[in-house]
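Quick notes on the structure that follows.
The values are calculated or read from the model by the stated rules, or taken from the named source; none is laboratory data. Every value quoted in this text rests on a predicted model; they were computed, and no experiment measured them. Note that each Cβ is placed from the backbone with ideal geometry, even for glycine, and that neighbours are counted across all protein chains shown. The accessibility values were calculated without ligands, DNA or RNA, using every heavy atom of the protein model including side chains. Shrake-Rupley method; radii C 1.70, N 1.55, O 1.52, S 1.80 Å.
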Amino acid sequence: MTLPSPCHSIVILTGAGISAESGLQTFRDVGGIWSQVRLEDVATPQAWDRDRARVTAFYNARRQQLMDPAIQPNTAHLALAELQRRWAGDLLLVTQNVDDLHERAGSIAFHMHGRLDQVRCVACGADSPWIGEVTPQSRCPACDATAGLRPSVVWFGEIPHGLERIDRALSECDLFIAIGTSGTVYPAAGFSAAARNHGAYTIEVNLEATGRFDRRLVGPATETVPTLVAELLA
Ligand code: BV8
């Protein structure tokens, strides 16, 4: 059986691997982000309290990279957008990624770890779109304060967004698909087991095997995702 029957409700979880062929670094592959900088120094609330300038520079650089015209959605992002448009049943696309490549491909994605193109004011707490550099003089678009604009991303030790909604979708889905994620960051890493425990068929799309799945599609996402989407839409 390559797909469950019936197959009405799908949950898809994407990670950095789906954006790798668009030119965005992953985190834990050779040469990945966490091989160049320690997550404890740039991706925790303690790092922000300790050295705002360093954390701000880390996210400024990644936000600036995202604005590079060479960084475009790839055929995996585009295939998921087509699936989302044409799937007759329920489909929830959850991403751990903070880039906007799913949106630029035409998808509606739920960013459980937040977004690089938004900032949060430490004075009023408002999230605002932000595509340029953040500096100590940057003013909050909502309250005009210069108290500080942190990235609107979920750091280690912070609670990811939408967990109740995701858990509900995992308990109801017939099919769970993990694409381009190493399955090392919780609670996202536990989603496949949660789906399986509720009887869902689980598929992993990755270059490597990372955990327990009913089926595995091994290869670059730009090849494997369009193939899987074609099978789902057949
Ligand atoms: C929380 C935003 C409490 C910032 C990120 C249990 C044990 C140990 C630790 C914990 C635990 N439970 C919780 C923790 C703590 C921690 C954690 O999991 N730590 C890890 C290191 C062990 N978790 C947390 O702190 C989370 N919060 O637990 O709060 C709580 C929770 C629930 C209820 C109550 C309380 C918050 C985690 C979020 C952290 N923020 N990002 C930023 O981006 O700067 S996480 C970061 O890792 C990114 O979001 C990234 O997306 C995510 C996961 O990485 P991946 O996407 O999987 O990327 P990775 O590089 O690892 O892998 C790439 C994969 O792609 C590889 O498999 C590769 O083979 C594949 N690939 C590469 N190229 C391709 C490809 N596949 C296909 N095609 C290709 N071309």
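Which of (1) near the ligand (Cβ under 9 Å from one of its atoms); (2) open to solvent by 20 Å² or more (accessible area, probe 1.4 Å); (3) not aliphatic (A, V, I, L, M) is the odd one out, the single condition GLN46 does not satisfy?
Here GLN46 meets the rest and fails (1).
Any residue in the stretch 183-198 that's over 15 Å from ARG215 (Cβ atoms) and in contact (Cβ under 8 Å) with a residue 12 or more places away in the chain: show its pairings with residues that are assigned to a helix (DSSP H, G or I) and among the hydrophobic types (A, V, I, L, M, F, W, C) at Cβ separation under 6 Å, as long as the two are six or more apart or on different chains.
Sorted first by the residue in the stretch 183-198, then by its partner, the pairs are GLY183/ALA189; PHE191/LEU170; ALA194/LEU170.
Listed residues HIS111, HIS102, HIS161, HIS77; which is in contact with a His (Cβ under 8 Å, 6 or more places away or on another chain), surrounded by fewer than 18 Cβ atoms within 10 Å (Cβ to Cβ), at pLDDT 95 or above and closer than 20 Å to SER19 by Cβ?
Of the residues listed, the single one that is in contact with a His (Cβ under 8 Å, 6 or more places away or on another chain), surrounded by fewer than 18 Cβ atoms within 10 Å (Cβ to Cβ), at pLDDT 95 or above and closer than 20 Å to SER19 by Cβ is HIS161.
Got at least one residue in the stretch 54-62 being aromatic (Phe, Trp, Tyr), under 27 Å from GLY190 (Cα atoms) and surrounded by fewer than 21 Cβ atoms within 10 Å (Cβ to Cβ)?
Checking the stretch 54-62: not a single residue is aromatic (Phe, Trp, Tyr), under 27 Å from GLY190 (Cα atoms) and surrounded by fewer than 21 Cβ atoms within 10 Å (Cβ to Cβ).
State all residues of the stretch 116-133 that are charged (D, E, K, R) and touching a helix residue (DSSP H, G or I) at 6+ places or on another chain (Cβ under 9 Å); if no residue qualifies, say none.
ASP117, GLU133, listed by residue number.
With the structure loaded, tell me whether ASP51 is more than 10 Å from the ligand (Cβ to nearest atom) and within 19 Å of PHE156 (Cβ to Cβ) or whether it fails that test.
yes
Of the conditions (1) within 16 Å of the ligand (Cβ to nearest atom); (2) among the acidic types (Asp, Glu); (3) assigned to a helix (DSSP H, G or I), GLU231 clears all except one; give me its number.
(1)
Could you say which residue among THR222, THR146 is of a type in the set (Ser, Thr, Tyr) and open to solvent by 50 Å² or more (accessible area, probe 1.4 Å)?
Within the list THR222, THR146, the selection yields THR146.
What's the number of the only condition in (1) of a type in the set (A, V, I, L, M, F, W, C); (2) part of a helix (DSSP H, G or I); (3) surrounded by 16 or more Cβ atoms within 10 Å (Cβ to Cβ); (4) away from the ligand (no atom under 16 Å from the Cβ) that LEU91 fails to meet?
The single condition LEU91 does not satisfy is (2).
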